[in-house]
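Student: Please find one structure pasted underneath; my questions will follow.
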Amino acid sequence: MAPVEGEYAFECPYCSAEVSIAVDYSAGRRQAFTCDCEVCCRPIAIRLEVGQGGVTSFEAEQE
Ligand SMILES: [Zn+2]
């Protein structure tokens, strides 16, 4: 069975720290949401696509 959730690590667009988030694969193929950087606490706009085997496209931008 395919995993329903995975970790994805990316670079914060503000402070360049590595941030990791939990991606819920069951929430849809294309997802867009905002999360706060663990280091600088600023809001990061996330857009991603989920394909077979996990995240196939990922963008993190300053909100
Ligand atoms: Zn940051």
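Student: If you scan the range 1-16, which residues turn out to be within 16 Å of the ligand (Cβ to nearest atom) and not aromatic (Phe, Trp, Tyr)? Before you say what the answer is, go through the steps one by one.
Tutor: Quick first cut of the range 1-16, residues within 16 Å of the ligand (Cβ to nearest atom) only: 8-16.
Within the range 1-16, Ala9, Glu11, Cys12, Pro13, Cys15, Ser16 qualify.
Student: Could I ask something else about it? Can you tell me which residues in the range 25-53 are acidic (Asp, Glu) and at pLDDT 95 or above?
Tutor: Within the range 25-53, Asp36, Glu49 meet the criteria.
Student: A follow-up question, please. Consider only pairs whose beta carbons are under 6 Å apart and that are at least six residues apart or on different chains; among these, list those whose first residue lies in the range 42-56 and is under 13 Å from Ala22 (Cβ atoms) and whose second residue is in a loop (DSSP other than H, G, I, E, B) and more than 13 Å from the ligand (Cβ to nearest atom).
Tutor: Final answer for the pair search is Val50/Arg29.
Student: Then there's this: Only one of these is part of a loop (DSSP other than H, G, I, E, B), aliphatic (A, V, I, L, M), within 16 Å of the ligand (Cβ to nearest atom) and surrounded by 10 or more Cβ atoms within 10 Å (Cβ to Cβ): Val19, Val39. Name it.
Tutor: Just a single option satisfies the conditions, and that option is Val39.
Student: Would you pick out the residues in the range 3-54 that are touching a helix residue (DSSP H, G or I) at 6+ places or on another chain (Cβ under 7 Å) and among the aliphatic types (A, V, I, L, M)?
Tutor: Across the range 3-54, the qualifying residues are Val4, Val50.
The values are calculated or read from the model by the stated rules, or taken from the named source; none is laboratory data. Here the structure is a predicted model, which is why all the values come from computation and not from measurement. In this analysis, Cβ positions are derived from the backbone assuming ideal geometry, glycine residues included, and neighbour counts consider all displayed protein chains.
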